[in-house]
Each structure stands twice: as C-alpha cells, then as structure tokens.
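> What follows is a structure written as structure tokens; I'll ask about it next.
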Amino acid sequence: GGITTLDPGYKNTGSCESAITFLDGEKGILRYRGYSIEELADKADFLEVAYLLIFGELPTKGQLEKFHNDIKAQSHVDEDVKKILDGFPKSAHPMGVLSSLTSALVAFNPSSVNVDSEEEMYNAIVKVLAKFPVLTAWAYRKRAGLPLDYGDNSLGYVENFHKMMFNRPNGNYSVDEKVTNALDKLLILHADHEQNCSTSTVRIVGSSHAGLFVSLSAGINALWGPLHGGANQAVVEMLEAIKEDGGDTHKFMEKAKDKEDPFRLMGFGHRVYKNFDPRAKIIKKAADEVLSSLGIEDPVLDIAKGLEKEALEDSYFVDRKLYPNVDFYSGIIYRALGIPVEMFTPMFALGRLPGWIAQWREMRLRKEPIGRPRQVYIGETHRDFKSIEKR
Ligand code: CMC
C-alpha cells in the first residue's frame, strides 16, 4: 500500500541502530564508543581513534602496532593510478579527483570487492586506510605541480601524511611537532558523527553490497557539498570576501538573515546541535593556540570571532539556535598549517574515513537490509499516450 507520512531530509527518522557514536544535540555531547571527544582529542592519536571507532575498543599496544604494520604493508598505490590522475586538469577540485581515484581502487584491488567474511573486511579496511592518504596527498601535489611520492613508513600515520603532502624535491622537509599534533587533533574531531549525510550515503550504498571502496567514494561526493563538509572551504572563502569588502560583518549578517537572499552564514547551524557544537569549541581554542604558537596572525580569525559574537547576540540566530559548527574555525587552522583552501574538504574526508568505515562495517555485520525509502506520488495519475505529431 501507499504511505502517508513523510519526513523530507529525514529530520526525525532513525535509519539504524548503532553502537559507534553518541550525540546529544541538546547538551552538546559527542562520544565515540562511549569516550568523550574532548578526552580523545587530548589524549589519543588518530590511528588509535580509528581503531576504536572501527573495532569498538581502544587498542592495546600490540593491537595498535599490528594495525599500523598492516596498514604500512598496503601503503603502495598501483603506478597506473598515476595515469588516471594525470588525465585530470590541474584545476580539477581535489574532492572530485579523490572520489574518482577511490572508486578506481576497486579496479586495482578486485579482491577487496566481495567482503563476506570478517577477514576480507579487515583486509579491505586496511587497504583503504593505507592508500587514501596517498591519494589525498597526490590530489594536492597534482594541483601544486609536484612529483608524486610515496610515504615514509618509519613515521606515524599522521606524520607520514604530512610528509607526503609537504615533502619537496629538494629534500627540504621538516615539521614542527605542534603542526602534526594540531593535525592529529583535527582529524580526531572529524572522525565520526553518526548518521550525517555522507555517512548515511556510505551505509545506503554499502547496503546494496557494493564494495567498501565505492561506498566510500559515494561518501566523499556527499561530503563535498557546501551544506556538509564543503562548508569548511566555503567559510574561509566567505571570511575572505568579508575582508575584501572592508570587514563589515554586520552587512553579511543581514544578508544571511534575508530570506530573499540564498546566502547563508557558512559554518553556522546544525541539524542536531541546538546548543553548541562541542567540536567547534575545541577547534576555536585550537585555532588560537596553533596560530599563536606558530606566530601567525590571520586577520580572518578576527573576522570569524567578530561574526560569531554578533551572531550569538542576534535574535535571528538565537531564535533558530544557530551556533558555529565544526567547519567554522577548522579552515583557519588548516590554513595556518599550510594547507590550501581547496584541500580543506579532502582533509575532512581523511578525518571522516574511519567513521565511514566503522559505519559500513557495522551495517554489514548487522546484516542490515538494502536501503530503500518510500515516497508519496504526486504526479499525473493516468494519461493516454499521444503520438509526437499530436503534442
Ligand atoms: N545562515 C542563516 N540562516 C540559517 C543558517 C545559516 N547558516 N542555517 C540555518 N538557517 C535558518 C534557515 O533558513 C531556517 O530558517 P527558517 O526557520 O526561518 O526557515 C532555520 O535556520 C533552520 O534551518 P534549516 O535549513 O531548516 O536546518 P537544517 O537542519 O535543514 O540544516 C544546515 C542544517 C547545517 C544544512 C544549515 O544550518 C546550513 O545550511 N548551514 C550552513 C552550512 C554549514 O555550515 N554546514 C556545515 C554543517 S556542520 C558539519 C558538516 O556537516 O560539515
């Protein structure tokens, strides 16, 4: 029979049971597998958090070492993938490049497609955790006109990624620990966020038993949109536009409130958080710390703080419970770390990868049915065909 209730945007529809991430939007609480995001960002490293999200427990030293070694053993990417990358124009947005290359991984790793046992799942997971940072660094290096390298397996997961991004042909590579620590923290804060748009996409694509890599590729595309992960790029572009325009934040606030104008205050608002986004709090503090410890003054940070202050006192934003979200301050940190603006959303994807994987694995282990929402049909009922001459 037909259905009568609708919930566009699934604002009030649960799609699954999940034991991965707990989120209380009213209280501003976010926990991965029961551990608070604040504590994890402070005390754990990204790979530990990835393990926790995917397998449900913090790893022992031995488990973490094995996990890392298994990843290192898979950190090569077929040389022919470089030919695919070569076909893209330099101007291509790295999110499109990354989703394409992630799909292409299937062709180079056909054994990872059918994953019916936990062992096959594990192998596919390790492969993509190993290869995705290489692809992300390559997407950046292609744009920057830099040679494509492989990583340095003597380094930690995040340090290795940083080196793959910023190593230069003249061998002048060094990194401040503050930089990799900040990067680690940012990636942890992005690692999972229950049934958001990209994660729901990964679960729904995976529910057809399409493989892990293509499910992730679909997630990357969903994340790209400016209402989701693409907001981090859009925020910094907005802040730059305000700066160029003379720094009048009030003018942009009015524009965001004008219902005739499609402009929104990027980095504000959230489907679930109605008090504050706990990630934004940590990121704002980190932005201050990172910029001051690196001795960077970014005028855009002051504009961001000004906008936030104004919005928190404005009845439009107060009434609608619109607060800064994770994307509001993250771009300012990425920029201080030397990451260009088009790479902000790929950085989000790198951080979200463990969450997507954990959610996909949970969906498969729980043998969830194929995702297939219903609709209420509102089109023509029945019409007789008219030949083309008579239309
Ligand atoms: N600026 C101005 N008005 C806004 C904004 C904003 N950023 N966000 C929501 N509103 C208004 C919206 O116009 C609506 O007003 P009214 O009730 O008068 O029609 C009301 O607030 C409720 O908004 P909604 O669009 O119904 O809420 P939603 O849950 O469907 O959308 C959102 C959530 C995050 C897509 C939205 O707040 C938004 O577009 N924000 C800007 C983009 C952004 O920062 N996205 C990042 C989200 S957080 C992490 C991530 O996913 O990357």
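Laboratory data are not the source of any read-out in this text; all were calculated from the coordinates shown. What you see is a predicted model; the values in this text were computed from it and never measured. FYI the Cβ positions are ideal-geometry reconstructions off the backbone, even for glycines, and counts take in every protein chain you see.
> Gain in length, V113 to K11, computed as 0.36 nm per residue apart minus the alpha-carbon separation, to one decimal in nm?
33.5 nm
> Work out Dmax and Rg for the stretch 206-360 from the C-alpha atoms and quote the Rg first, both in angstrom.
In Å, with Rg to one decimal and Dmax whole: 16.4, 52.
> DSSP loop chymotrypsin sites (Phe, Trp or Tyr not before Pro) in the stretch 239-306 with at most 16 other Cβ atoms within 10 Å of their Cβ, which ones?
Working: sites: F252, F263, F268, Y273, F276; in loops: F263, Y273, F276.
Here the sparse-neighbourhood loop sites are F263.
> On a full-extension model of 0.36 nm per residue, what is the gain between S154 and N69, subtracting their alpha-carbon distance, rounded to one decimal in nm?
So the extension gain works out to 29.6 nm.
> Here is a further query. Tell me, what ³J(HN,Hα) does each residue in the stretch 285-294 have, in order and in whole Hz, if you take phi through Karplus 6.51 cos²θ - 1.76 cosθ + 1.60 with θ = phi - 60° and put x for Gly and Pro?
Couplings: 5, 5, 4, 4, 5, 5, 5, 6, 6, 8 Hz.
> When the dipole is taken about the Cα centre of the stretch 168-245, and only Lys, Arg (+1) and Asp, Glu (-1) are charged at their Cβ, what size is it in debye, to the nearest 20?
So the magnitude is around 280 debye.
> Right, something else. In nm, what is the difference between 0.36 nm times the number of residues separating F385 and E244 and their Cα-Cα distance?
Going from the current span to full extension adds 45.0 nm.
> What FRET efficiency, computed as 1/(1 + (r/R0)^6) with R0 = 25 Å and r the Cβ-Cβ distance, is obtained for L58 and E120, rounded to the nearest 0.05?
0.55
> Now a separate question. Can you list residues from other chains, or at least 5 along the same chain, whose modelled amide H is less than 5 Å from the amide H of D152?
The answer is none.
> What's the exposure ranking of H209, H190, H382, H93, going from fewest to most Cβ atoms within 10 Å?
Listing H209, H190, H382, H93 from fewest to most nearby Cβ atoms yields H382, H209, H93, H190.
> Please tell me the relative contact order of the chain in percent, rounded to the nearest whole number, where contacts are Cα pairs under 8 Å and at least six residues apart.
24
> When the Cα centres of the stretch 324-384 and the stretch 1-50 are compared, how far apart do they sit, in Å?
13
> Looking only at Cα atoms, what is the convex hull volume of the chain per residue, in Å³?
So the per-residue Cα hull volume is 199 Å³.
> Here's another thing I want to ask about it. Within a 10 angstrom radius of the beta carbon, how do R279, R320, R372 rank from fewest other beta carbons to most?
Going from least to most buried by this count: R372, R320, R279.
> Report, in debye and to the nearest 20, how large the dipole of the chain comes out about its Cα centre when Lys and Arg carry +1 and Asp and Glu carry -1 on their Cβ.
With only Lys, Arg, Asp and Glu charged at Cβ, the dipole is about 960 debye.
> Straight-line reach from K90: which aspartates and glutamates fall under 16 Å, measuring Cα to Cα and dropping same-chain residues less than 8 apart?
The reachable aspartates and glutamates, counting only those whose Cα sits under 16 Å from K90, are E342.
> Hand me the GluC sites (Glu not before Pro) from the stretch 217-308 located in a DSSP loop with no more than 16 other Cβ atoms within 10 Å, in residue order please.
Hits after loop and neighbour filter: E260, E297.
> Continuing with this model, one more query. For the pair D261 and I378, what calculated FRET efficiency results from E = 1/(1 + (r/R0)^6), where r is the Cβ-Cβ distance and R0 = 22 Å, to the nearest 0.05?
Once the sixth-power term is evaluated, E becomes 0.15.
> Right, something else. For S36, S315, S99, what ranking results if the residue with the fewest other Cβ atoms within 10 Å of its Cβ goes first?
Working: S36 14, S315 8, S99 23.
So the residues, fewest neighbours to most, are S315, S36, S99.
> Set the bar at 23 Å for Cα to Cα. Now go through K27/K321; K274/K367; K27/K259; K178/K281; K243/K309; K257/K321 and name every pair that lies beyond it.
As for pairs spanning more than 23 Å Cα to Cα, those are K274/K367; K27/K259.
> To the nearest 20 Debye, how big is the dipole of the stretch 231-336 about its Cα centre, given +1 on the beta carbon of each Lys and Arg and -1 on that of each Asp and Glu?
Once rounded to the nearest 20, the dipole reads 600 debye.
> Straight distance only, please: which lysines reach the Cα of K386 with their own Cα at less than 24 Å, same-chain residues fewer than 8 apart left out?
none
> Check the straight Cα-Cα distances from K305 and name the aspartates and glutamates below 12 Å, setting aside those fewer than 8 residues away within the same chain.
D288
> Same structure, new question: For the stretch 175-191, take each phi angle, set θ = phi - 60°, evaluate the Karplus expression 6.51 cos²θ - 1.76 cosθ + 1.60, and give the result in whole Hz per residue in order, putting x for glycine and proline.
Ordered by residue, 3J(HN,Hα) equals 9, 7, 4, 4, 5, 5, 5, 5, 5, 4, 4, 4, 5, 4, 5, 9, 5 Hz.
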